[in-house]
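The structure appears below as structure tokens.
Just so it is clear, none of the values below were taken in a lab; they were calculated from the coordinates. Quick caveat: nothing in here was measured; it's all calculated off a predicted structure. For neighbour counting, all protein chains shown are included, and Cβ atoms are generated from backbone atoms with ideal geometry for every residue, glycine included.
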């Protein structure tokens, strides 16, 4: 049988519960943890309501247009959030044009002046992005503000403030106002640009990079023989030169681990199909210590010897362009130093061994292979010192590029 339990009176149960739990909520029993999440949520909701009321009061007092009021009240919840907005973030809002953004920015600037504690600490990128957006939309920017941004270390954002990238001439800006990292004094000859672009820049008298940076890019398109493809190339080259340094180049870096690796890394970057690249490498690099002739290549590919000569000529004509030729600047400079130190009596075999020692190669390049490479791609001064005739009378010398 079940044990009989006696039902206590209601007054007794209440008194027993009061003994187990203190009457004063502040004096809790040991080990009890109060549940304050509901109280905190209630306080947060109250604070948000207060911030929302302050924002509504401030916006209605400013007498803005209906669109500006709706944009603020529909996307912002507090005065602090309103003070954190910039021109660029306003333009990202739906139905917010540059005219409305200017109106709201005026309100934000007044708010920041009257309440400095609400002003956020913007990052460098946010400052530069906001400046570019305001200049692009013809906002009035003080000269001191823009110059203070350009004396900082160059970045992709600060480059976008320069006339060349902004496509807007700024007469008050000079090369002396730029940070040394912009390399304004660098010569145009140091840029990896095509012959056509280099000729156009020389014709208009541009010798320094700073002259390019301070010229809107649309003015270059007015020059004869300067097309949009040339502008795109110059745009990429200037940005790469400033941000990554003068030794940067397109594609992969030159492989100086061996002579064959150097030649392969150079030829594979030329805009030719894979078959034509293999023909050029076959002609340059020896097989089993024996060079391959045009006729041997023609027989392997079932083409005429004349066609092989045309393909190889086209390939080396592209290799002589500054974009590719300057990638071997260090190699040609080392070779020229060796020739000058040894005198004109040096032979190709001695030069090949000296180059291998200089670059710490395991094996020296084949003298005949080195001769072919120099005759097709080498600077004119080096060919004259070694007594190597030009392979083509119309070949462009590389001495002007180095």
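Structure data summary
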| read-out | value |
| --- | --- |
| Extension reserve of the residue 275-residue 118 stretch, reckoned as 0.36 nm per residue once the Cα distance is removed | 50.0 nm |
| Stretchable slack from residue 258 to residue 330, in nm (0.36 nm times residue separation minus alpha-carbon distance) | 24.5 nm |
| Pairwise centroid distance, computed over Cα atoms, of region 154-177 with region 194-213, Å | 17 |
| Where the Cα pairs of region 55-103 fall when distances are cut into 10 Å bins, in % | 25, 65, 10 |
| Sequence of 357, 240 once ranked by neighbouring C-beta atoms within 10 Å, starting from the fewest | 357, 240 |
| Cβ-Cβ FRET estimate between residue 207 and residue 340, R0 fixed at 22 Å, reported to 0.05 | 0.20 |
| Over region 306-346, volume per residue of the alpha carbon convex hull, in Å³ | 87 |
| Label-point gap, in nm, between residue 172 and residue 304 - each point 7 angstrom along Cα→Cβ | 6.8 |
| Cα-only radius of gyration and Dmax that characterise region 148-255, units Å | 13.4, 45 |
